[in-house]
Every structure is written in structure tokens, then in C-alpha cells.
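The values are calculated or read from the model by the stated rules, or taken from the named source; none is laboratory data. Just so you know, these numbers come straight off a predicted model, no measurement behind them. Counting neighbours? That spans all protein chains shown, and the Cβs are built from the backbone with ideal geometry, glycine included.
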Amino acid sequence: MTATTTTLRVGTRGSALALAQSGQVADWLSSTVGVPAELVRVRTEGDVDRGPLATIGGTGVFVTGVRARLLSGEVDVVVHSLKDLPTAAADGIALAAVPRREDPADVLCARDGLTLAELPDGARVGTGSPRRAAQLRAARPDLDVRAVRGNVDTRLGMVADGTLDAVVLAAAGLARIGREDAVTERFTEDVMLPAPGQGALAVECRLADRHTGPYASALARLDDPVSRAEVRAERSLLGALEAGCSAPVGARAHSDGVRLTLTGLVIAPDGRRQVRGEISGRAADAALLGRRLAQRLFDDGAAALLGDLPLRAAAAAGGG
């Protein structure tokens, strides 16, 4: 690829985690194309409005502002946590690369090195995710699950200062900022199924630059086909369920590049009812597998669990 003479501008949110993961992508692209890279920080609605995600539009509120900078030409590419992307396609924007996925698991970060089973009755556990909260309640109905917002350090600080006994976070995020030492338990998928796309990054560019732009070749090399197939299946399931990215829906696909197995979960917010299913097939049919599993979950009663969620209607319109 012929190197350009301009600076590669990478749009990103300004949190420590966003800067860390965007910086990794920027450094790789910079070394590949032979030009310096600059991180352009964008303050999004989700960073300004501290209300519950379910009431301010789901995690898609972290994406819109960054995408606007891309469409306006102020940045060349943008980097998101893939689980934050609405399932609806964005006009004029292409998912140019899904880098190799990090560990998608959820983890417990508790005081005194405690595991979930060791937390005392009534322990205060914080999470901003209805999916995590519902699965915590299913595993430990006695817990006092509290809604929290804030970056990773803020949430870990709530444990350190005694406000909470534990928080649940993503393993990948902690790894990217070097805080794996805070983990006291890594949840298995039978206890807590991850969010669709968790652990993966999304690198977007303008649709017009997808194949012919100055960074198209480097972005194609950054893309990991196995990770892309896995998240395609998971997001296809989420989209077919018409559930928002903040809804109590879990999904995890495992692929060897040829075959793919997808597990999906819809769970009531109180954790008392859940519908779970699994499907396998060709990795090339990842999106189809997601839609088929969604239909199976509907057949098994998932619609009743999703029908009470106010974000479902917004998600159907592409709101998260």
C-alpha cells in the first residue's frame, strides 16, 4: 500500500478505556501505513447524560457523536466497543474491521478476593447492565444489585471505598487498561452469558472509503474473519429479537473459521424466568444462524420476556 502523507485521525470517546483501545488500533494502523496517528476525543451524549442507559437511548448514545465526526470528515476512522453499536446499519458508514477479539467474559471484582458464591447474603453488587443484573439475580436472588454508571476506575473505586461489595465488568476492558489484578472471578457462560459483541472492537470508516480509501488495505488486514463471524451471529440474534444493546439478552458464538456454534439467552429483569438456546452451522451463515436462533427463542417464549422492555421499540428503530 502506498503511504499517505497526512496524519491518520482516529475518532474516539475520551474515557481511559476508549483511549486505550483506540490507541492500540491507531498504533497498528500508523505503523502499517507509515503515517503518524492522532486520537481525536469526542464527548458523546452518553458521557454527558448520567441517567440510566435504558432511559437515555441505550448504549447507542456512546456512538452517535463519534460517527458524526466521521461523516463530517473531521476524522478518518472511528473505534468503538462493538457491543455499543446499534444493530441497524448506519447510513454512509462501513464496519471496516473487527480486530481479533479479546476475552468476552464478564468478571467479578469483589472486596477481599471474594467470589460470587462467597459474597454474604445481601451483598451490594454494582452494574450498569440489565443483562448482568438479571443474571446476577438468577444466580443469587439474595444480592442487592445496584445500578451504577461511570468508568472502570470509578466503579472499582466504589468497591475500594466500601460503597459496594463488588462490581461486574468486562474482562476485555480490564485487560486493555491493565487492571486484571482487580478480578476475583471470571464467570463461565452458564452463569453469565456475555453481551453480543462483548470483547470485540469495531473500526468504522466512511462507506465511500471502504475499498478505495487511503487506509482501506490496512483496515482489511486488521480485520479478523473469525471474530467478525462470531459477532455477526451474535448481533444478528440481537437484531432479530428487536432488543436493544442494553436489554437482558446474552449471546456467545464460538467459531473455528468453518463451523460456528451460537448460544443465546433472553432473561427477565428479575432473573426468575429465562429462555436459552443453541444452534450450530457454517460460519459463512453466521447472520442466518442468529436469525434462526432468535426464532427458536421466540418459539420458546422469549417474546413475553422482551415485551415488558421499553427499549425494544426504540431498538427496532435503530436506537440501540
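For the stretch 167-181, check the following and say yes or no: at least one residue is among the basic types (Lys, Arg), surrounded by 17 or more Cβ atoms within 10 Å (Cβ to Cβ), over 23 Å from residue 285 (Cα atoms) and free of Cβ contacts under 8 Å to residues at least 60 places away in the same chain.
yes
Quick one: in the stretch 4-31, which of the residues that are modelled with pLDDT under 95 and more than 25 Å from residue 151 (Cα to Cα) is surrounded by the fewest Cβ atoms within 10 Å (Cβ to Cβ)?
Across the stretch 4-31, the extreme among qualifying residues is 5.
Just one of (1) surrounded by 15 or more Cβ atoms within 10 Å (Cβ to Cβ); (2) over 20 Å from residue 193 (Cβ atoms) trips up residue 161, so point out which.
Of the numbered conditions (1) surrounded by 15 or more Cβ atoms within 10 Å (Cβ to Cβ); (2) over 20 Å from residue 193 (Cβ atoms), the odd one out for residue 161 is (1).
Regarding residue 258, is this residue at pLDDT 95 or above, within 20 Å of the chain's Cα centre (by Cα) and within 26 Å of residue 102 (Cα to Cα)? Explain how you work it out, then say what you get.
Working: at pLDDT 95 or above: yes; within 20 Å of the chain's Cα centre (by Cα): no; within 26 Å of residue 102 (Cα to Cα): yes.
No, not satisfied.
Would it be correct to say that residue 224 is surrounded by fewer than 19 Cβ atoms within 10 Å (Cβ to Cβ), touching a residue at least 12 places away in the same chain (Cβ under 8 Å) and under 19 Å from the mean Cα position of the chain (by Cα)?
On the way: surrounded by fewer than 19 Cβ atoms within 10 Å (Cβ to Cβ): yes; touching a residue at least 12 places away in the same chain (Cβ under 8 Å): yes; under 19 Å from the mean Cα position of the chain (by Cα): yes.
Here the answer is yes, as residue 224 does meet what is asked.
When you scan the stretch 154-184, how many residues do you find that are among the charged types (D, E, K, R) and more than 20 Å from the chain's Cα centre (by Cα)?
Residues of the stretch 154-184 among the charged types (D, E, K, R): 155, 161, 165, 176, 179-181.
Subsequent filtering for residues that are more than 20 Å from the chain's Cα centre (by Cα) retains 161, 165, 181.
Count: 3.
I need the strands (runs of 3 or more DSSP E) fully contained in the stretch 142-249, keeping only those with at least 2 residues that are in contact with an Asp or Glu (Cβ under 9 Å, 6 or more places away or on another chain).
Values: elements: 144-147, 166-170, 201-206.
Here the list reads 166-170, 201-206.
For the condition part of a helix (DSSP H, G or I) and either surrounded by fewer than 23 Cβ atoms within 10 Å (Cβ to Cβ) or modelled with pLDDT of 95 or more (or both), what is the one hit in 112, 121, 91, 103? Break it down stepwise before answering.
Details: 121 fails: part of a helix (DSSP H, G or I); 91 fails: part of a helix (DSSP H, G or I); 103 fails: part of a helix (DSSP H, G or I).
After ruling out the rest, the residue left standing is 112.
Of the residues that make up the stretch 72-88, is at least one among the aliphatic types (A, V, I, L, M), crowded, with 16+ Cβ neighbours inside 10 Å and farther than 17 Å from residue 18 by Cβ?
Start the filter on the stretch 72-88 by keeping residues that are among the aliphatic types (A, V, I, L, M), which leaves 75, 77-79, 82, 85, 88.
Imposing the further condition that a residue be crowded, with 16+ Cβ neighbours inside 10 Å reduces the set to 75, 77-79, 82, 85.
With the extra rule that they be farther than 17 Å from residue 18 by Cβ, the set shrinks to none.
The answer is no, given that none of the residues of the stretch 72-88 is among the aliphatic types (A, V, I, L, M), crowded, with 16+ Cβ neighbours inside 10 Å and farther than 17 Å from residue 18 by Cβ.
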